1. Taking a threshold of 21 Å on the Cα-Cα distance, which of the pairs Lys60/Lys149; Lys60/Lys148; Lys60/Lys91; Lys91/Lys128; Lys60/Lys127; Lys91/Lys145 fall above it?
2. Mind ordering 115-127, 77-89 by average Cβ neighbours within 10 Å, highest first?
3. Arrange Ile140, Ile152, Ile98 by Cβ neighbour counts within 10 Å, fewest through most, would you?
4. Looking only at the stretch 62-81, which residues have a backbone nitrogen under 14 Å from a spot 7 Å from the Cα of Thr117 in the C-beta direction?
5. What spacing in nm lies between the two simple spin-label points modelled at Ala102 and Asp155, each 7 Å away from Cα in the Cβ direction?
6. Lysines near Lys20 by alpha-carbon distance under 17 Å, same-chain residues fewer than 8 away left out - which ones?
7. What is the distance, in nm, between label points placed 7 Å from the Cα along the Cα-to-Cβ direction at Lys72 and at Ala109?
8. Spin-label point model (7 Å from Cα, Cβ direction): what's the Leu94 to Trp18 distance in nm?
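No value in this document is a laboratory result; all are computed from the given coordinates. Just so we're clear, the structure is a prediction, and the values are computed from it rather than from any experiment. All Cβ positions, even for glycine, are placed from backbone atoms using ideal geometry, and neighbour counts span all protein chains on display.
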Amino acid sequence: MATNHPDRPKRHEALEQWFKSMNQLMQEKPVKGILQSIDDFFRQPFPHSHFNLDIEETEKHYIVTAELPGVKREQISIDVIDNTLTIMVNKTDLTEEINEVARTHRQRAAVQRLSRTIPFSHPINEKKTRASYRDGLLEIRLAKKQGKKIDILIDQE
C-alpha cells in the first residue's frame, strides 16, 4: 500500500527546477555555441579526410593518379625521398557572414590538411619524375632508378 510522503512533491519540484536550469544553461552562449560545434563535428567528423589514389606500375615507371576535386594546384605539394612518394594538400576555406541588423561580422577559416605516403619497391629517380594537374586529377609519373646489371661469372676451377 503506497502512502504519500510529504517530501515527495518538494523533491519532484526541485528536480524539475534543476532540469529547467540545465536546459536554460544549454541554450545560453557560449555553451550553446560549443554544443553546436560538437554537434556539427559529429554530424560529419572527417569530411573528405582522405583522397583516392590509383597506382599503376610499368617496367620503367610508377604512375600515381590522385583524385583531388576542389583543390587548387598551389595547395598541393609532392615530395619524393628514396622509394617513397608523399602527396600533401593544405586547403583553407574562408567564409564570411555580415549581419547588418545585429551589427556583427563573423569570419571562419576551415583548414584541411591531408597527406598520403606511398612506399615503392624500387628507388625513384626524382630527376625524371613529372606531375600534372587538371580537372581535380593529379597524375605523377615516377621513373624507376635503373640499377646496374651484374653478370655472374662461371667459376672454372
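1. Working: Lys60/Lys149 15 Å; Lys60/Lys148 14 Å; Lys60/Lys91 33 Å; Lys91/Lys128 28 Å; Lys60/Lys127 14 Å; Lys91/Lys145 32 Å.
In this structure, Lys60/Lys91; Lys91/Lys128; Lys91/Lys145 exceed 21 Å between Cα atoms.
2. On the way: 115-127: 13.5, 77-89: 15.2.
In decreasing order of mean packing, 115-127, 77-89 become 77-89, 115-127.
3. Numbers: Ile140 22, Ile152 5, Ile98 10.
Final ranking by Cβ density, sparse to dense: Ile152, Ile98, Ile140.
4. Flagged as within label range: 79-81.
5. Roughly 8.5 nm, to one decimal.
6. Lys10, Lys29, Lys32
7. Result for the modelled spin labels: 1.4 nm.
8. Here the modelled spin labels are 4.9 nm apart.
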